[in-house]
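Data block below; observations after.
The values are calculated or read from the model by the stated rules, or taken from the named source; none is laboratory data. No experiment lies behind these values; they were computed from the predicted model shown. Cβ placement follows ideal geometry from the backbone for every residue including glycine, while neighbour counts extend to all protein chains displayed.
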């Protein structure tokens with residue numbers, strides 16, 4: 001099954017949910033069935049936590065573990 005592509009805005013919403021949950025990224029990803037390395041990749045690729053991000057293109061999708069829930 002091909003993973004669903006997500007936009008920068010979708011990832012930011014996921015990141016905001018993680019932060020509001022007060023769970024660690026590890027626990028949040030386990031609860032939401034996201035692959036933790038993919039979460040960190042997106043966070044890094046989008047420059048979240050970095051002072052400057054000049055370009056985002058060709059980034060892989062954030063992948064869920066297991067069957068698609070939609």
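Looking at the structure I just gave you, is residue 64 surrounded by 14 or more Cβ atoms within 10 Å (Cβ to Cβ), in contact with a strand residue (DSSP E or B) (Cβ under 9 Å, 6 or more places away or on another chain) and modelled with pLDDT under 90? It is true that residue 64 is surrounded by 14 or more Cβ atoms within 10 Å (Cβ to Cβ), in contact with a strand residue (DSSP E or B) (Cβ under 9 Å, 6 or more places away or on another chain) and modelled with pLDDT under 90. Scanning region 1-34 for residues that are at pLDDT 90 or above and part of a loop (DSSP other than H, G, I, E, B) gives 22, 23, 24, 33.
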